[in-house]
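The values are calculated or read from the model by the stated rules, or taken from the named source; none is laboratory data. Remember, it's a predicted structure, so these values are computed and weren't measured experimentally. Cβ atoms come from the backbone with ideal geometry, glycine included; neighbour counts cover every protein chain shown.
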Amino acid sequence: MSTTPYTAVIRRDGRWWIGWVEEVPGVNSQGETREELLTNLREALNEAIEMNREDARKAAGEQFEEVSLQP
């Protein structure tokens with residue numbers, strides 16, 4: 001798993017907590033507690049990263065190089 005820090009934007013909405021990951025479009029979730037929301041966001045983020053990784057490797061073909069990038 002990556003050690004890159006990500007930023008969750010969260011808020012309470014009635015009895016629910018809702019949140020988004022700033023750096024990855026489409027990664028959002030909800031939970032009945034703040035802790036449940038954060039767990040759900042971590043799971044959604046991990047799933048999105050893994051799907052993106054698979055898609056990138058398929059698009060690159062059989063021979064590719066992985067290079068670490070820092071923003």
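Take the stretch 1-20 and flag every residue that is small (Gly, Ala, Ser) and either touching a Phe, Trp or Tyr at 6+ places or on another chain (Cβ under 8 Å) or surrounded by 10 or more Cβ atoms within 10 Å (Cβ to Cβ) (or both). Don't jump to the end; show me each part of the working.
Quick first cut of the stretch 1-20, residues small (Gly, Ala, Ser) only: 2, 8, 14, 19.
Listed by number, the residues that qualify are 8, 19.
Identify, please: which residue in the stretch 32-62 is at pLDDT 95 or above and outside any helix (DSSP H, G or I) and is, among those, surrounded by the fewest Cβ atoms within 10 Å (Cβ to Cβ)? Full working, then the answer.
At the first step, the residues of the stretch 32-62 found to be at pLDDT 95 or above are 32-61.
Within this subset, residues satisfying the condition of being outside any helix (DSSP H, G or I) are 32-33, 61.
On the way: 32: 10, 33: 12, 61: 7.
Once the filter is applied, the top-ranked residue is 61.
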Taking residue 10 and the conditions (1) without any contact (Cβ under 8 Å) to a residue 24 or more places away in the chain; (2) in contact with a Lys or Arg (Cβ under 9 Å, 6 or more places away or on another chain), which numbered condition does it fall short on, given that it satisfies the others?
(1)
Any residue at all in the stretch 21-31 that's of a type outside the set (D, E, K, R), surrounded by 10 or more Cβ atoms within 10 Å (Cβ to Cβ) and assigned to a loop (DSSP other than H, G, I, E, B)?
yes
Select from the stretch 1-40 the residues that are over 14 Å from the mean Cα position of the chain (by Cα) and of a type in the set (S, T, N, Q) and list them in ascending order.
33
